[in-house]
Amino acid sequence: MTVSDLASDAPWWTSATVYQIYPRSFADSDGDGMGDLGGIIARLDHLERLGVDVVWLSPIYRSPQDDNGYDISDYERIDPAFGAEEQLDALIAGLHERGIKLVMDLVVNHTSDEHEWFLESRSSRDNPKRDWYWWRDQPTDWVSFFSGSTWEFDQATGQYYLHLFSRKQPDLNWENPQVREAVYAMMRRWLDRGVDGFRMDVINLISKVVPLQDAHGDLFAQTFNGPRIHEFLHEMHREVFAGREAQLITVGEMPGSTIEQARLYTDPARAEVDMIFQFEHVDLDSGPLGKWDLRPLHLPRLKACLARWQEGLAEVGWNSLYWDNHDQPRAVSRFGDDDPEWRERSAKTLATVLHLHRGTPYVYQGEELGMTNVAFGSLDDIRDIESINYYAEAVRDGADPADVLRSIRAKGRDNARTPVQWDAGPQAGFTTGEPWIAVNPNFTEINAAAQVDDPDSVFAHYARLIALRHDDATVALGEFRLLLPDHETVWAFIRTRGDDQLLVLANLSREAVELTVADLADVGGPGSWLGAEVISATATDGGMPRAPRFESTRLDGWSAVVLRRVG
Ligand code: NOJ
């Protein structure tokens, strides 16, 4: 039996890569400065050339756009700003023709306050939908993720409603079975329309501890991974996915989840979700005060974190793998080195490390080009409600505005939300109009047109890694073992499947590193790897590894190689 025979009963998404589109920043087809469905349809070739298997589309539903579409006022209609209904059907067809699946964002912890359900709910205390949301005479002490109280007083009926996010995002009451049925029916209609799964927004927040009570600083204990979460997810699976799950992919966004919880969420036998987004590795550069409290990142901690998740989900469940998304800073600026001299090399090195882990990799739009954070000049450049509210609150409480801006430059979500840089023309080819948020000024250097035909580009490197996962069962499924856990700059690990072994060696620093005999002792010493085939390298000529065989134990600054053991 060959390695690929062994792989044949693994779910299709074990060798797949997902590409996330944040539509308002992807491509604008009508010149209004905001990305839209027409823009995505016009760029399908980019996705096909990259070779991704799935597109996850951030919300395009009707929405007042208070949180850029994560505040939905109609789950079943496209927001006119993003285009027409037929365009979504054309997008589904266009993707499917290219063998690419479509995953929609499912935002059902909350709706918009302009959703019909909420309008009914707030209309009177005895409205049949009153109990679809959380109404209270007295607020609890909870603090919103977007600053301020989670409770908004509603004059008309004299009660407060709950919103964990903005006041325009009231939380649905999942204790009410009618809410759950309405959500499941909506999800089934989307599957019937041809979509292939869901990314579920903060889905581990839908079960709250009831009755709601003061958190005394620990909102987590009241709202995350609550008492009925597994019951709700299993019910959703039964009501929505059962019978068609083999074709679908589901990923739950689950901040604050532990490995033990992830095993429960993703154990196929429990029928909940296929994989989750965990947040441990993107919290490592935060201090005790939260995400704005900047801390330097320590590589051994990052390696240990990913390795723990690899081990924890080795026997049961499955990992998602990501460096960034629309809520996180750009990977190359955060984990890599965005100095122009090192940017490309570090982007390729980070890609190699992530894509050689076991799990389903997610590529966030522009990551495949090595797009970077933005040096926002002032608050006027910021569009994100989280950053804007944080600035107002922190400055009101006496923080130095320069410090606040420093945090926003490092961690603000707008870093990921500037337009995709398509070419070196006006507005980076994103729009013929005025973009809703300014283009990163480095677009003349970093853009798709400069990369897609260059076999040595960051884009080409991503395309090769994505193809490698398709073709190589050891990359997709092999066991993972971390090497050199304490090394300050080298990230090394082994992937094993049957007799097949891959060694991944990456240098995450500017300084070249010479690996010693002792460094590799655990894997048979350098002798058993010298002469090994280099199956991926960040240093390429015409797309081919500059050294086709492993001949030197020196790793250049920001470089990575993947070796296959011979014999
Ligand atoms: C997580 C989403 O990714 C983020 O963008 C959003 O603001 C919150 N959930 C609320 O929906």
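The values are calculated or read from the model by the stated rules, or taken from the named source; none is laboratory data. Note that the structure is a prediction, hence the values are computed from the model and not measured. Neighbour counts run over all protein chains shown; Cβ positions are idealised from the backbone, glycine included. All accessible areas refer to the heavy atoms of the entire protein, side chains included, with ligands and DNA or RNA removed. Shrake-Rupley method; radii C 1.70, N 1.55, O 1.52, S 1.80 Å.
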Legend entry - Heavy-atom accessible surface of the chain: percent carbon and sulfur, 1.4 Å: 50 percent
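GLU533 to GLU48: extension gain in nm, 0.36 nm per residue of separation minus the Cα-Cα distance?
Here the answer is 171.8 nm.
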Inset, instruction - Measure nothing but the geometry: give the 0 to 90° angle between the long axis through the Cα atoms of 385-396 and the longest principal axis through the Cα atoms of the chain, rounded to 10°. - result: 80 degrees
Inset, instruction - Have a look at LEU57, LEU44, ALA10 and report the one farthest towards the positive end of the charge dipole of the stretch 1-86, computed about the Cα centre with Cβ charges (Lys/Arg +1, Asp/Glu -1). - result: ALA10
Legend entry - Fraction of beta bridges assigned by DSSP in the chain that are antiparallel (%, nearest 5): 65 percent
Legend entry - Net charge over other residues, Cβ less than 10 angstrom from the Cβ of HIS110 (K, R count +1; D, E count -1): -4
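Where a ≥ b ≥ c are the square roots of the eigenvalues of the C-alpha gyration tensor, would you call the stretch 154-275 rounded, which needs a/c under 1.5, or, failing that, prolate if a/b is larger than b/c, or oblate?
On the way: a/c = 2.27, a/b = 1.42, b/c = 1.60.
Oblate, because a/c is 1.5 or more while a/b does not exceed b/c.
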Inset, instruction - May I ask you to derive the FRET efficiency for ASP32 and ARG295 from their Cβ-Cβ distance with R0 = 51 Å, giving the value to the nearest 0.05? - result: 0.80
Inset, instruction - Subtracting the Cα-Cα distance from 0.36 nm times the residue separation, let me have the gained length for HIS96 to GLN213 in nm, one decimal. - result: 37.4 nm
Inset, instruction - Please name which of TYR364, VAL251, ASN173 has its Cα lying farthest along the dipole of the chain towards the positive end, using unit charges on Cβ (Lys, Arg +1; Asp, Glu -1) and the Cα centre as origin. - result: VAL251
Legend entry - Cα-based helix-to-principal-axis angle, 401-411 vs the chain, degrees rounded to 10: 60 degrees
Inset, instruction - Could you state the orientation-averaged shadow area of the convex hull built on the Cα atoms of the stretch 144-193, in nm² to one decimal? - result: 4.9 nm²
Inset, instruction - Report the FRET efficiency, 1/(1 + (r/R0)^6), for ASP500 and ARG263, where r is their Cβ-Cβ distance and R0 is 25 Å, rounded to 0.05. - result: 0.45
Inset, instruction - Over the Cα atoms of the stretch 301-378, compute the convex hull volume and normalise it per residue, giving Å³. - result: 104 Å³
Legend entry - Scattering curve values for the stretch 478-564, log₁₀ I(q)/I(0), Debye with Cα scatterers, q = 0.12 Å⁻¹: -0.32
Legend entry - Residue (of THR444, SER509, TRP134) at the positive-pole extreme of the chain, dipole from beta-carbon charges: SER509
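Would you compute, from DSSP H runs of 4+ residues alone, the mean residue ellipticity of the chain at 222 nm, taking -39500 (n - 2.57) per run and dividing by the full residue count, rounded to the nearest 500? Walk me through the numbers on the way to the answer.
Values: 16 runs with 150 residues, N = 567.
So the helix-based figure for the chain works out to -7500 deg cm²/dmol.
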Legend entry - Distant alpha-carbon pairs in the chain (separation over 30 angstrom), percent: 51 percent
Legend entry - Extension gain, ASP471 back to ALA314 (0.36 nm per residue minus Cα-Cα distance, nm): 54.4 nm
Legend entry - FRET efficiency, GLU116 to ASP403 (Cβ-Cβ, R0 45 Å, nearest 0.05): 0.60
Legend entry - Surface accessible to a 1.4 Å probe, per residue, for the residues of the chain, Å²: 37 Å²
